[in-house]
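Just below is one structure, and these are the notes that go with it.
Each value in this text was obtained by applying a stated rule to the coordinates, not by laboratory testing. The structure presented is a predicted model; accordingly, all values stated were derived computationally and were not measured. Using ideal geometry, Cβ is built from the backbone for each residue, glycine included, and neighbour counts are taken over all protein chains shown.
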Amino acid sequence: MTGIVVFAAAFLLYFHTAVPVFFFEDNAEFTTAAYTLGLTHFPGYPLISSVANIAGLLPLGGFGFRCNIFSSFIGALAVYFFFRCSLEMTGGKKASLAAATVFALSGNLWTQTAILKVYSIHYALIFGLLWMALAGKLSDFRWLLFSSFLFGIGVANHLSFSLMLIPVCIIWISQRGTWQYRLTAGRAALLPLAGLFSWITQLYILARSHSPAAGIFFSWGRVTETGTFLKSITGLAYASLPFNKEPWGMRFAAYAGYLESAMPLWAWIIAGVSATAGALVLFRNAKPRLAALLAGAALFSGYTLLHGAAVDIMHVPPWGFVILLAGCAIAKLPPPARHSAPAAVAALAVLVASARFGGYDYHRDYTAYDYMADITDTVPQRGKLGLTAGKLENFLIQYAELGPARMSWPKGDGDIYTPYLTPTIPANATYGLLNTFSADGRNEWPGTRSYPPPEDFVPPPGSRLARYAPKAYTFAGIHLQRGYYELGMGHVQAATASFSRAAAMYPGRVKEDAAIMNNRGDTAKALMLMEEVYKNDPSPENVSILLRLRQGVPQ
């Protein structure tokens, strides 16, 4: 019953703060793919498209909102499984409630429950599978077979889920004395087959890519050759992108910067001390469980560093493992503190979340929707726009309330996508592009004028909204895009002013773009960005980066 209450409370919170239509970048793309049963960017993510399409049948709000509250539901399910994991680890409801409260109110989890993306499912599957292992369910071969089936689904949803194989196997093997079955060769062969059977949903990508009706659904991740398909589902399609070439020092700096912005130093100290104490408790009483959690934290943290992107999102699983360790320490406190500490921890998490609520509350956020409406006012109702593949800053806003979008690849040029604007009723154009200009300022869409973000689009740096990292990051990005546009038009002074506004709001966002520009060989633009970062953050590290860039500027 307690677990149901935890799930309900998390869902109500996430439901209340969900985006009403769609948010920037991938959310709009995933919503479009779900609406049209299409394919998103590589690796295509067929699971989220098909499941969210079913969720879109709910008679509640518009299609975009239905997809977003589906993500809220799955996010609450992740919190429920996390609570059950903590209950298995600690044996105490109070400590588990405190741990689940901290986890549920973590900003990096919370923000993913407000929009449709793959990560809510990712987290729910991770902690669902971990709970099955911790609860001893895998001692029954039927549960073991089911876990293999879930594993295939998890890997199809996000490649990093494959890392869960090691933590789960550590726990499973340690429970060998309780196995109710004899693992014969036939049964052992069934396990990978069950995983392969569920993973085979990836073939949906090939089926849709070769469909005669490929022009009537959104197919950004369309593949036509086996080699391209394999590159897509393994992530090798992104091997040439700049974030894969970042020096390790820069990756560690980005990771440390995220940790610093995600939580105050005192909170990290408390979490670190508590997790260490919990690790000592498990070392004495449950070494396999400790090994599983440490292995999971190390693997997912290593993946984040290797991937070099989306640090905040990919950090959720290791952060969850840290909280589980901390819960073990709380559950082993002496009797007086054992009863008061969980309440104090939960109250502290609620206070911190309340202070940051404005950053995670998206339920009135129509920003992306309104911005898209401005963009589509500049294009014909049945116009044609070309999107050059491989530009990191180009994101499709393809869904408003009507559909579907039409996508095609011109023959002889597999690098060009052509989305057609096809509203189903006479009205304002219902599809458009967020950022109809490229990162280097050139207009990639002949016949369609670029539409820069208005100068007053972003709240001033001192406003309440701008103080919260999740939204400040996005809005700083919008200022950057305006700067690129102005630079492409030859308005250097206006571009510098836009870069300055972005750096004042979120220096780390501007620093990321500077690294990308430098990796592309555009040192002059990287220098412009870093000069604005330096004005807001004259740290020794930024001084060093600025000096290196100045030495590399072509004369």
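Grab the beta carbon distance between Y366 and Y181, set R0 = 51 Å, and tell me the FRET efficiency rounded to 0.05. Intermediate results must be reported in sequence, preceding the final value.
Values: r = 54 Å, r/R0 = 1.07.
After rounding, the FRET efficiency stands at 0.40.
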For this session: Hey, can you grab everything whose amide H is under 5 Å from the amide H of L39? Only 5+ residues off in sequence or another chain; H modelled, so Pro and N-termini drop out.
Result: F218, S219, W220, G221
Problem set entry | Long pairs among K137/K332; K231/K525; K93/K137; K93/K332, criterion Cα-Cα beyond 22 Å | K137/K332; K231/K525
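Sorting T224, T474 on the 10 Å Cβ count, fewest up front, what's the list? The partial results should precede the final answer.
Numbers: T224 12, T474 18.
Arranged by neighbour count, lowest to highest, T224, T474 become T224, T474.
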Exercise. Of Y119, Y255, how do they rank once you tally other Cβ atoms within 10 Å and put the fewest first?
Worked result: Y255, Y119
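Which FRET efficiency value, to the nearest 0.05, is calculated for L165 and S539 with the Förster distance at 35 angstrom and r the Cβ-Cβ distance? Please list the in-between numbers first.
Working: r = 40 Å, r/R0 = 1.15.
The formula returns an efficiency of 0.30 here.
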For this session: Compute the length gained on full extension between K287 and L190: take 0.36 nm times their separation in residues and subtract their Cα-Cα distance, giving the result in nm to one decimal.
Result: 32.0 nm
Seminar exercise, completed: Applying the gyration tensor rule to the Cα atoms of segment 32-84 (axes a ≥ b ≥ c; rounded if a/c under 1.5, else prolate if a/b exceeds b/c, else oblate), the class is oblate
Exercise. Taking only C-alpha pairs under 8 Å that are 6+ residues apart, what is the relative contact order of segment 1-124 in percent?
Worked result: 34
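Estimate the FRET efficiency between R548 and L351 by the formula 1/(1 + (r/R0)^6), using the beta-carbon distance for r and 35 Å for R0, to the nearest 0.05.
Here the calculated transfer efficiency is 0.25.
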Exercise. Put a dot 7 Å past each Cα toward the Cβ at V492 and L203; how far apart are the dots in nm?
Worked result: 5.9
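Please rank L480, L206, fewest neighbouring Cβ atoms within 10 Å first, as an exposure proxy. Please report the intermediate quantities before stating the final value.
Values: L480 27, L206 19.
Exposure proxy ranking, most exposed first: L206, L480.
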For this session: Take peptides 29-37, 151-159 and line them up by average Cβ neighbours within 10 Å, highest first, as a rough protection proxy.
Result: 29-37, 151-159
Exercise. Roughly speaking, what is the stretch gain from T224 to A524, that is 0.36 nm per residue apart minus the C-alpha to C-alpha distance, in nm to one decimal?
Worked result: 104.2 nm
For this session: Kindly write out, for segment 143-157 in residue order, the coupling ³J(HN,Hα) from the Karplus curve 6.51 cos²θ - 1.76 cosθ + 1.60 (θ = phi - 60°), rounded to whole Hz, with x marking Gly and Pro.
Result: 5, 4, 5, 5, 5, 5, 4, 5, 4, x, 5, x, 5, 5, 6
